[in-house]
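The values are calculated or read from the model by the stated rules, or taken from the named source; none is laboratory data. This is a predicted model, so every value here is computed, not measured. For neighbour counting, all protein chains shown are included, and Cβ atoms are generated from backbone atoms with ideal geometry for every residue, glycine included.
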């Protein structure tokens with residue numbers, strides 16, 4: 001039967017049918033649903049959230065070397081973290097099939113940069129497949145394992161947001177167990193121990209393998225030639241193929257399902273069959289650079305197709321038609337409308353913490369998670385976001401550069417999941433290299449931004465089974481941090497005092513947020529700690545000073561209406577607390593200077 | 001291209017938490033049952049944090065692009081007034097529109113820096129005349145005793161555009177996608193929405 005499936009779910013399904021035994025991942029948009037889907041639907045597969053993408057690839061490759069089919073999945077920036085493993089696994093090869101899924105995010109819907117992961121395939125000398133819809137996600141995932149075992153190599157499967165997060169029909173089948181026996185063979189050490197004497201012969205094997213894969217690329221049905229109107233031929237893959245096919249269905253196409261290595265004979269044949277060739281690809285001129293280097297004359301490529309952000313049917317149409325493209329009529333200028341950026345939830349523990357940091361005037365080395373939203377005005381209290389775990393390393397460097405001058409002026413913040421991903425080593429560094437930085441772990445008991453994935457600090461596995469729970473304070477102690485403090489971020493005054501003390505201390509400190517779970521994490525009962533369920537504005541007292549708007553709570557809004565307080569203070573308007581959204585966190589109460597925010601009844 | 005081979009484009013827009021994604025999932029199940037190829041793409045990375053949510057929904061004999069070409073929307077189903085207006089340029093001149101009357105203030109409006117747009121309904125009527133249908137989904141859901149059912153009310157209203165699609169497909173889809181204890185409420189919500197337009 002045909003089912004409607006998200007691209008990510010189709011990848012999980014394909015992997016399951018291919019007989020996968022082990023799946024590991026670290027969450028990251030737009031890849032997170034793959035492992036969740038495996039855990040929820042396919043009990044035959046061992047599934048885990050690993051602390052980071054490198055560990056996920058280590059786990060999957062260990063399973064593969066033991067003969068099992070295995071997979072790791074991650075977003076594009078996760079591939080950077082995992083790349084150290086990938087680059088050498090290309091040398092050793094695998095035994096059971098190994099698929100590494102990497103999900104790109106053109107147009108940075110939810111990422112810190114825009115990378116074209118096809119470059120990893122060329123750089124790492126490994127094959128890469130790129131599906132264009134859910135049916136292909138399913139088929140290509142299955143094909144990955146066959147290619148992996150046939151050519152003894154890890155296989156990369158690349159998606160983009162518009163494929164990973166798009167749903168379409170999939171014709172599914174049955175699971176077939178792998179026939180490969182499980183086990184390890186100590187005699188294979190020359191294949192798996194990459195010391196120079198073993199690396200050199202393996203290096204040669206890689207080149208031989210690439211030649212075999214090139215020959216395979218010319219034969220595989222993953223690559224398809226569709227000869228229609230021969231005046232124009234388009235070479236494309238994945239989402240870009242779908243956009244081009246949508247607007248120019250009459251043209252001929254060479255659709256590349258295997259994007260590395262390229263099918264040289266097929267490309268030669270395509271150039272013979274059609275008059276002019278255009279290459280339409282999202283992000284980098286990856287095919288174009290290679291195809292031009294093969295000596296072909298490309299009619300159009302990146303001279304008209306943008307090399308940044310994502311493509312769309314209209315971008316492709318406009319690029320090719322040029323002046324003949326008729327843009328739709330503008331009825332309302334969208335730039336004149338109020339934007340609707342994401343915001344921290346009502347009651348979120350990050351809100352009072354960042355308000356406190358702002359009041360302290362601290363430069364905040366940030367990280368990646370919901371708390372990155374603290375960069376937005378009016379909170380505006382986060383000043384760097386580079387990569388997972390960066391803040392702790394950066395604050396140490398800045399303080400070493402500025403010396404004693406830096407004391408009291410800066411701090412690093414990162415979430416619990418981010419800390420476990422990449423935050424421990426920078427903390428160890430501060431402990432070891434006589435640092436005086438302060439790191440705050442915003443522990444909200446879950447990986448929030450990507451949609452509530454478990455991690456080593458939550459006490460549960462991906463399947464909800466009880467598990468060991470990391471003790472952040474013990475980690476701090478073990479890596480040489482003498483000053484470990486706890487804060488209740490909902491108490492702004494006390495939080496400011498403790499943070500101020502630690503950032504002024506000429507020693508490294510670790511501050512942990514206690515009892516401040518994510519507002520959306522039901523099992524932690526986040527609302528129970530709030531004594532009053534709702535607050536309201538006392539109109540007799542509100543002076544309309546707008547101080548409480550500074551915390552950017554979604555429950556609080558401004559209402560313009562001239563008036564005055566009971567004691568005759570004139571005001572231009574008042575604030576309003578939406579009772580459907582207020583959870584009673586009392587943050588606004590602490591910010592109000594006129595005691596105008598009072599308990600109310602739901 | 002024959003008329004029945006043409007792909008139909010539905011654009012759904014709303015705010016995180018309004019249930020627009022469930023609505024598009026229902027449409028997915030419905031049009032598959034009706035024998036069409038279906039593709040839908042949503043951007044929901046930060047929807048839980050109060051951001052806007054959009055879904056591109058396409059059905060036809062064979063659908064290629066997962067996203068709708070700008071200006072090619074046949075049907076706009078919007079859950080919120082501002083989020084309707086934001087996509088007014090996407091709709092074809094003869095496109096049909098269902099707008100829910102709910103207003104959810106974005107931060108710049110809450111902070112008093114910008115005004116919530118006025119006359120959204122009038123703007124749409126100016127361009128699309130009788131093809132604009134306004135519905136108080138929240139009010140209808142309130143009468144049914146559950147605000148959460150607003151999304152299915154809107155699906156019910158929207159179903160009027162597709163008289164050839166069997167109502168049973170919608171009911172099947174609701175039953176497939178929702179927990180059994182929610183079936184009665186949502187079937188009622190669907191019917192109420194259908195009658196409201």
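The lone criterion from (1) at pLDDT below 95; (2) not assigned by TED's automatic domain parsing to the domain that holds residue A:437 left unmet by residue A:520 is number (2). Per this entry, residue A:222 is counted among residues that are in a loop (DSSP other than H, G, I, E, B) and either over 30 Å from residue B:53 (Cβ atoms) or in contact with a strand residue (DSSP E or B) (Cβ under 7 Å, 6 or more places away or on another chain) (or both).
Taking the criterion of being part of a helix (DSSP H, G or I) and out of contact with any helix residue (DSSP H, G or I) (no Cβ under 6 Å at 6 or more places or on another chain), the residues of segment A:292-322 that qualify are A:292, A:293, A:314, A:315, A:318, A:319, A:320, A:321, A:322.
Considering each of A:280, A:320, A:315, A:330 in turn, give the residue that is at pLDDT 95 or above, out of contact with any strand residue (DSSP E or B) (no Cβ under 8 Å at 6 or more places or on another chain) and buried (at least 17 other Cβ atoms within 10 Å of the Cβ).
Exactly one of A:280, A:320, A:315, A:330 is at pLDDT 95 or above, out of contact with any strand residue (DSSP E or B) (no Cβ under 8 Å at 6 or more places or on another chain) and buried (at least 17 other Cβ atoms within 10 Å of the Cβ), namely A:315.
Residue by residue, here is whether (1) surrounded by fewer than 17 Cβ atoms within 10 Å (Cβ to Cβ); (2) more than 30 Å from residue A:161 (Cα to Cα) holds:
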{"position": "B:78", "(1), (2)": "no, no"}
{"position": "B:83", "(1), (2)": "no, no"}
{"position": "B:126", "(1), (2)": "yes, yes"}
{"position": "B:137", "(1), (2)": "no, yes"}
{"position": "B:158", "(1), (2)": "no, no"}
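For the criterion of being away from every other protein chain (no Cβ under 14 Å) and surrounded by 24 or more Cβ atoms within 10 Å (Cβ to Cβ), residue A:39 fails.
How about segment A:361-445: which strands (runs of 3 or more DSSP E) wholly inside it have at least 3 residues that are under 21 Å from the mean Cα position of the chain (by Cα) and buried (at least 23 other Cβ atoms within 10 Å of the Cβ)? Strands (runs of 3 or more DSSP E) meeting the threshold: A:410-415. From the list A:31, A:111, the one residue that fits, being at pLDDT below 95 and within 24 Å of residue A:282 (Cα to Cα), is A:111. Screening segment A:568-596 for residues that are in contact (Cβ under 8 Å) with a residue 60 or more places away in the chain and not in a helix (DSSP H, G or I) and picking the one that is nearest to residue B:103 (Cα to Cα) gives A:581. Exactly one of these conditions fails for residue A:286: (1) away from chain B (no Cβ under 14 Å); (2) surrounded by fewer than 20 Cβ atoms within 10 Å (Cβ to Cβ). Give me its number. Every listed condition holds for residue A:286 apart from (2).
Among the residues of segment A:584-598, just one is surrounded by fewer than 16 Cβ atoms within 10 Å (Cβ to Cβ) and either in contact with a strand residue (DSSP E or B) (Cβ under 6 Å, 6 or more places away or on another chain) or farther than 13 Å from residue A:537 by Cβ (or both), namely A:593. Taking the conditions exactly as written (in contact (Cβ under 8 Å) with a residue 24 or more places away in the chain, at negative phi, surrounded by 24 or more Cβ atoms within 10 Å (Cβ to Cβ) and part of a strand (DSSP E or B)), does residue B:53 satisfy them or not? So residue B:53 fits the description; yes.
Annotation note: of A:581, A:569, the sole residue that is surrounded by 14 or more Cβ atoms within 10 Å (Cβ to Cβ), within 31 Å of the chain's Cα centre (by Cα) and not assigned by TED's automatic domain parsing to the domain that holds residue A:376 is A:581. Residue count for segment A:202-246 under the criterion of being surrounded by 20 or more Cβ atoms within 10 Å (Cβ to Cβ) and within 14 Å of another protein chain (Cβ to nearest Cβ): the result is 12. When segment B:29-42 is filtered for residues that are touching a residue at least 40 places away in the same chain (Cβ under 8 Å) and within 10 Å of another protein chain (Cβ to nearest Cβ), the ones remaining, listed by number, are B:29, B:31. Scanning segment A:420-455 for residues that are in contact with a helix residue (DSSP H, G or I) (Cβ under 6 Å, 6 or more places away or on another chain) and closer than 21 Å to residue A:39 by Cα yields a count of 5. Is there a residue in segment A:514-526 that is within 30 Å of residue A:431 (Cβ to Cβ) and within 13 Å of chain B (Cβ to nearest Cβ)? So far as segment A:514-526 goes, yes, one or more of its residues are within 30 Å of residue A:431 (Cβ to Cβ) and within 13 Å of chain B (Cβ to nearest Cβ). Among the residues making up segment A:151-178, those that are closer than 27 Å to residue A:90 by Cα and either within 14 Å of chain B (Cβ to nearest Cβ) or without any contact (Cβ under 8 Å) to a residue 12 or more places away in the chain (or both) are A:159, A:160, A:161, A:163, A:164.
Tallying residues that are farther than 16 Å from residue B:105 by Cα and facing chain B (nearest Cβ under 7 Å) within segment A:330-345 yields 4.
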